[in-house]
Protein chains: 4
Amino acid sequence: MNIQFNPDREFDLIAIGRACIDLNAVEYNRPMEETMTFKKYVGGSPANIAIGSSKLGLKAGFIGKLADDQHGRFIEQYMRSLGVDTSNMVVDEEGHKTGLAFTEIKSPEECSILMYRDDVADLYLEPSEVSEDYIKKAKVLLVSGTALAKSPSREAVLKAVQLAGKNDVKVIFELDYRGYTWQSLEETSVYYTLVAQQSDVVVGTRDEFDVMENVAEGNNEATIKHLFNYSPELVVIKHGVEGSYAYTRNGETFRGQAYLTKVLKTFGAGDSYASAFLYALISGKGIETALKYGSASAAIVVSKHSSSEAMPTVAEIEQLIAERTETADQLR
Amino acid sequence: MNIQFNPDREFDLIAIGRACIDLNAVEYNRPMEETMTFKKYVGGSPANIAIGSSKLGLKAGFIGKLADDQHGRFIEQYMRSLGVDTSNMVVDEEGHKTGLAFTEIKSPEECSILMYRDDVADLYLEPSEVSEDYIKKAKVLLVSGTALAKSPSREAVLKAVQLAGKNDVKVIFELDYRGYTWQSLEETSVYYTLVAQQSDVVVGTRDEFDVMENVAEGNNEATIKHLFNYSPELVVIKHGVEGSYAYTRNGETFRGQAYLTKVLKTFGAGDSYASAFLYALISGKGIETALKYGSASAAIVVSKHSSSEAMPTVAEIEQLIAERTETADQLR
Amino acid sequence: MNIQFNPDREFDLIAIGRACIDLNAVEYNRPMEETMTFKKYVGGSPANIAIGSSKLGLKAGFIGKLADDQHGRFIEQYMRSLGVDTSNMVVDEEGHKTGLAFTEIKSPEECSILMYRDDVADLYLEPSEVSEDYIKKAKVLLVSGTALAKSPSREAVLKAVQLAGKNDVKVIFELDYRGYTWQSLEETSVYYTLVAQQSDVVVGTRDEFDVMENVAEGNNEATIKHLFNYSPELVVIKHGVEGSYAYTRNGETFRGQAYLTKVLKTFGAGDSYASAFLYALISGKGIETALKYGSASAAIVVSKHSSSEAMPTVAEIEQLIAERTETADQLR
Amino acid sequence: MNIQFNPDREFDLIAIGRACIDLNAVEYNRPMEETMTFKKYVGGSPANIAIGSSKLGLKAGFIGKLADDQHGRFIEQYMRSLGVDTSNMVVDEEGHKTGLAFTEIKSPEECSILMYRDDVADLYLEPSEVSEDYIKKAKVLLVSGTALAKSPSREAVLKAVQLAGKNDVKVIFELDYRGYTWQSLEETSVYYTLVAQQSDVVVGTRDEFDVMENVAEGNNEATIKHLFNYSPELVVIKHGVEGSYAYTRNGETFRGQAYLTKVLKTFGAGDSYASAFLYALISGKGIETALKYGSASAAIVVSKHSSSEAMPTVAEIEQLIAERTETADQLR
């Protein structure tokens, strides 16, 4: 099965949600208390996906709200410089700040993030700042779950999903669950369920689907049984190093392998996976290839220092896939 | 067309939302500054509908949150005394107060309400306090739009709607728009649209549908064209003294007349209309009769002092319909 | 010792703080759940004191913020009709409501109040709305402790106290402690101590002084030892039916008896006490007489249904004092 | 005139207020958008003063609240490593974050700070976390104005000032005005006036005294006339490059010169001034010398990259004073 995208659209993908600043530890493999220098990057899941898919050649746009300060201006300039359309990124006028993520890399296995997310500018995107004229120019609206965590950003996203439905724009929901900001698991479950039921493609880790269902250890069968009663045509469930599964509405199942790599940190894996998966899907390469692209892209990003700057090109992805396929063939 | 309700259910109707206190002017036909005494009644649209339909013989239940004080206890006792099941009305433990409505009756045409709705207990109903076991005992879940105005009550209602959908419970959405509490018309429109699309029956005034659509002067054709793309089977749009229209998914249109009456005040018209309309619908009397019941019930309540206590019996409704039909026949 | 008031002032007393609505049970000697009718009065400690002292013949003014609704207008009209200058009562423009107190009278010994104080208009008085030109027209600034419970009303009062100090206006601090609204006892203690140290006269119950000192069972000696290190000249500590003590900076102690009476409810005792005590003090009748006036006024108010409307005249107070003195003489 | 400090105290100085993180531009003389790397330092006026005076040999302690994260732990470790007693720095348990200051150095004349101060941990210090036993061990309580900007930190400081007054601890009030966090100039003026009136020494720039008085262009004469009616014995008013004035209660005036220097940035000038001024004052060197120490310390810090790490030693200060005095002598 192939997802059909409306071909007559200016943008391949418009992402909505947060665009923030990552402050990555320059001195790493130590606790953050001992890190004295931090390097600045653009971050935030939907921003990374817009950047990543733009680097892969898609025409990407972004709907979001930026702080009226140096960090906000840096984000807009950086994204624009990489080809992302920033015409619908509005500037906050109420003094809200840019979200920050200080990353701590104690070891490749022990990474953590110190987040500044209270009252940040991206959560203040208003529904009135979401334009139907803009959304209907896209093949795909990419929704990040974190943008649902608080009003008025929540309503802005819900409105965007309603407009996508009305204008034949496919909704791709990347669960992107982050515990902070949400009031309770019950609240998260309500909105995740609501948006997933109205989406065409839902992508997340098994843990994130558990959050959506508010269950302890869910299983993929129950998840797809529920979702295929509603709008979704394709559901992708990631199981970490064990690889990922893609299920289609008409009953197909695809399994994607994870590519092993020398890991520097785990940040950015999900965003690079989504960028490359969507690139392949929108380019009509089929689900099986899309799973490979996603895994290869993730493998490249976790071996590098940043999330946004490390987003690979198509050539890099294809080279990694080719190398691994060859190795696998030789091992047979 | 008749709406089919699941017959094997303990409750005809479970309402969710606010149950408050009305403080009605004892001395009226004057500005409230000159009213020195107020009489206490239970109020709030879904509470009135639960009370009204219980008085008509339906088995009704209520999901809501009450203040832990004398007003909260009065509401629970009063509703229980009239046969409403209050087992799922929970008591707030965080000091929130009961909503209040001081009514001012300057003249039958000039009525206003002084509302106390900031941080009231009913808006603090949590999604975790909505029970699937309870909801699946009902034929109908009645949702009042005001309960969507603020978190966490908003999420509690969205969860209830999801559970109704999962358990074959018909969702009846009474728009019940009140400007206070909402942040913006855009926000209202997002949630009204969301819930209307997932409901089986939507009832409101033309003005309330305009709020849902965030348009200045909408028309019924556009409204039903939109809604019948989604779940609704029946849409009832009220036009005040000009009567009301009921549209069915399969293309029927019914018109209901308003019954003229000696008006004391306008409060309570919508709730008494909804109670009697739902009673007739759930009792299988058909849409045409349901419109008459609604109009008759409203005519009775606006001629009396309270909203909840004035809710009529079936005999009173049928008597008024019979009288007016006779008069109409004589005038022919 | 006599307190010296600046004689060349237009106002005897300007009170600052809350002016609210009392909703008194019409049917009483029962739980409020069974009370169906409520009578409306002006309430709030400083408003009652302004009204009470105006009825006694003092020229009183008021600084406060009123809701822009029927209740707010009623308060202003009522106070003005009794001679209180309301030129410095400003109208709230942000939709805040009037504070409410529903009174429950189960028996003369069991009275309680159901308060609506969240975000009420009086707590939104801004420091910029406190006028130096107005305050310097007064002999006395009467400060009510409850107005310190929340910003910006807190800062408005602190500014008023600073302006009084600068302009030779005596500050009389009526502790008027109400647990709601305050965040913690520590917070209350900080501001009560701050204002008491800057006041000329401090009046409260022993329990209220314990709150000020954040101690469990304080004693009067410690209280006056502390306060006479700062500005106070006179400290009045009330011990309920055991009467009250007045201590002066130069070492005098006066004891006032409580007058027994047929009690209908306990509300309003403190405010009527303060009105009459201040009337006598400002009129130069001396502390001993002022204590009698306070007790007599309280005895009259607790035997009646309201707080504000029941405020006695000088003739009523003097008659009660005369009767009781005669009785006491006869008993000797 | 010399200020008399209680000699029998364990701590020379205990500071109360914020301890935060500065993130200083590594690449400077450019807009922050172009700065890609930031270096981490401890910051915040009272923390800098505690650190600075500890480096000068005073025994310093600190009362404050730290985030329960890597930044909070870094602050505590750094301050402790420089000899500051951190036993009364409590850890926030409600998820508040550390305040941040990203510094932008476009040129020595054009410096700005991008602040993260919303709901930061230091503003959540509770009055119950201020210990009388600790405060009474100090000669001096150093209060920073910014800690008054919001509750509950505001009440914690007001309580500390009350405890200092009760226990013969001199209160030194460093105005340290920062516009963010405060609601209005009126609010700032109320609390600055309140604390200044209760302090023994008040230090600030002329602009900061204007904020305290809520006037446009105040003058020193009016300022000291007002303050010497209350507790202050010494008032220091800084006029930037024109130097500073110290006024004593008994009528003396001292003028301090600013030492010109090669300026890298303007941050940290006030804190380094205060550290050295207080060191000299507490060491009994007299006001004239204290003014020189303050100016010399400021001159050293503005020529370096950080605020806290750059705090000079006594030898560095004395060397700079000696050099400049010599030069001045030669120029005669």
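Compute the distance from the alpha-carbon center of region D:174-234 to that of region A:107-158, in whole Å.
Using only Cα atoms, the two centres lie 43 Å from each other.
Can you list the trypsin sites (Lys or Arg not before Pro) in region B:203-281 that are in a DSSP coil and have 11 or fewer other beta carbons within 10 angstrom?
Working: sites: B:ARG206, B:LYS225, B:LYS238, B:ARG249, B:ARG255, B:LYS262, B:LYS265; in loops: B:ARG249, B:LYS262, B:LYS265.
The qualifying sites are B:LYS262.
Defining a contact as two alpha carbons under 8 Å apart and six or more residues distant in sequence, what relative contact order in percent does region A:1-114 show?
Rounded, it is 31 percent for region A:1-114.
In chain D, which residue puts its Cβ closest to the axis that turns chain D onto chain B, and how many whole Å away is it?
Residue plus distance in Å, as requested: D:GLU94, 8.
Sort B:SER272, B:SER151 so the one with the fewest other Cβ atoms within 10 Å of its own Cβ comes first. The partial results should precede the final answer.
Values: B:SER272 30, B:SER151 17.
Fewest to most other Cβ atoms nearby, the residues stand as B:SER151, B:SER272.
Pick from B:ALA156, B:ALA60, B:ALA315 the residue whose mean-square fluctuation is largest in a GNM of chain B, springs joining Cα atoms under 10 Å.
B:ALA315
If you put a point 7 Å past Cα along the Cβ direction, how far is that point for B:PRO31 from the same point in each other copy, in nm, smallest first?
With the label placed 7 Å along Cα→Cβ, B:PRO31 yields 4.0, 5.6, 6.8 nm.
With just the Cα atoms of region D:113-233, tell me how far they stretch along each of the three principal axes, in Å, largest first.
41, 35, 21
Which shape class applies to region A:58-167: rounded if a/c is under 1.5, otherwise prolate when a/b exceeds b/c and oblate if not, where a ≥ b ≥ c are the square roots of the Cα gyration tensor eigenvalues? Write down the numbers at each step before the final one.
Working: a/c = 1.59, a/b = 1.54, b/c = 1.03.
Prolate is the answer for region A:58-167, as a/c is 1.5 or above and a/b outweighs b/c.
Given the convex hull over the Cα atoms of region C:1-97, what projected area results after averaging over all orientations, in nm²? Provide the component values of the computation, followed by the final result.
Numbers: hull surface 35.8 nm².
Over every viewing direction, the Cα hull of region C:1-97 projects on average to 9.0 nm².
Please average, across the residues of D:90-99, the number of beta carbons from any other chain that are within 10 Å of each residue's own beta carbon, and give a whole number. Mind dumping the intermediate values first?
Details: counts 0, 0, 0, 0, 0, 2, 1, 6, 2, 0.
Per residue, the average neighbour count from other chains is 1.
Just the Kirkwood number for region B:248-317, please: inverse of mean 1/r across all distinct Cα pairs, in Å, one decimal. Spell out each step's value before the answer.
Working: mean 1/r = 0.0819 Å⁻¹.
For region B:248-317, the Kirkwood estimate is 12.2 Å.
Hey, if you drop one equal point scatterer on each alpha-carbon of region A:173-332 and run the Debye formula without solvent, what base-10 log of I(q)/I(0) do you get at q = 0.16 Å⁻¹?
Here the Debye-derived log intensity ratios amount to -0.92.
Just for the Cα atoms in region A:163-264, what are the lengths along the principal axes, largest first, rounded to whole Å?
Taking max minus min along each principal axis of the Cα atoms, region A:163-264 gives 44, 35, 25 Å.
Using only C-alpha atoms and all pairs of different ones, pull out the Kirkwood radius for region A:197-244 in Å with one decimal.
Result for region A:197-244 stands at 10.8 Å.
Taking every residue in D:31-39, how many Cβ atoms of other protein chains lie within 10 Å of its Cβ, on average?
Values: counts 3, 6, 11, 3, 3, 5, 6, 7, 4.
What the average comes to for D:31-39 is 5.
What are the distances, in nm and sorted shortest first, from the label point of A:HIS239 to the label points of the same position in each other copy, with each label point placed 7 Å from Cα along the Cα-to-Cβ direction?
Nearest first, the other copies' label points are 6.0, 7.8, 7.9 nm away.
Pick out which of C:ASP200, C:ASP271, C:ASP210 has the largest mean-square fluctuation in a Gaussian network model of chain C, springs linking Cα atoms closer than 10 Å.
In this elastic network of chain C, the residue with the biggest mean-square fluctuation among C:ASP200, C:ASP271, C:ASP210 is C:ASP210.
Relative contact order for region D:73-229: what percent, with Cα pairs under 8 Å and sequence separation of 6 or more? Working shown, then result.
Numbers: 205 pairs, mean separation 24.7, N = 157.
Relative contact order comes out at 16 percent.
Report, for C:GLN257, each distance to the same residue's label point in the other copies, shortest first and in nm; define the point 7 Å along Cα→Cβ.
With the label placed 7 Å along Cα→Cβ, C:GLN257 yields 7.9, 7.9, 10.3 nm.
Per DSSP H run of at least 4 residues, take -39500 (n - 2.57); add these up for chain A, divide by its residues and hand me the 222 nm value, nearest 500 deg cm²/dmol.
Details: 10 runs with 119 residues, N = 332.
After summing the helix terms and dividing by residue count, I get -11000 deg cm²/dmol.
Along the three principal axes, how long is region B:112-175 when you take its alpha carbons, biggest first, rounded to the nearest angstrom?
Computed over the Cα atoms, the extents are 38, 25, 14 Å.
What stretch of chain D, leaving out the sites themselves, is the longest with no GluC sites (Glu not before Pro) in a DSSP loop having at most 16 other Cβ atoms within 10 Å? Can you show the working numbers first?
Numbers: sites that count: D:GLU10, D:GLU27, D:GLU93, D:GLU94, D:GLU109, D:GLU217, D:GLU252.
In chain D, the maximal stretch lacking such sites is D:110-216.
Over all distinct alpha-carbon pairs, what is the Kirkwood Rh of region C:1-55 in angstrom? Please list the in-between numbers first.
Values: mean 1/r = 0.0707 Å⁻¹.
One decimal place: 14.1 Å for the Kirkwood radius.
Can you tell me, using C-alpha contacts under 8 Å and at least 6 residues apart, the relative contact order of chain B as a whole percent?
Values: 749 pairs, mean separation 55.8, N = 332.
Reported as a whole number, the value is 17 percent.
Semi-axes of chain D's equivalent ellipsoid from the Cα gyration tensor, sqrt of 5 times each eigenvalue, largest first, rounded to whole Å?
Working: eigenvalues 140, 128, 78 Å².
Equivalent-ellipsoid dimensions as semi-axes: 26, 25, 20 Å.
If you scale each eigenvalue of the Cα gyration tensor by 5 and take the root, what three semi-axes come out for the protein assembly as shown, rounded to whole angstrom and sorted largest first?
On the way: eigenvalues 629, 543, 100 Å².
For the protein assembly as shown, the semi-axes come out at 56, 52, 22 Å.
Quick note: the coordinates plus some simple rules give every number you see, no bench work behind them. Just so we're clear, the structure is a prediction, and the values are computed from it rather than from any experiment. Methodologically, a virtual Cβ is constructed for each residue, glycine included, from the backbone with ideal geometry; neighbour enumeration extends over all protein chains shown.
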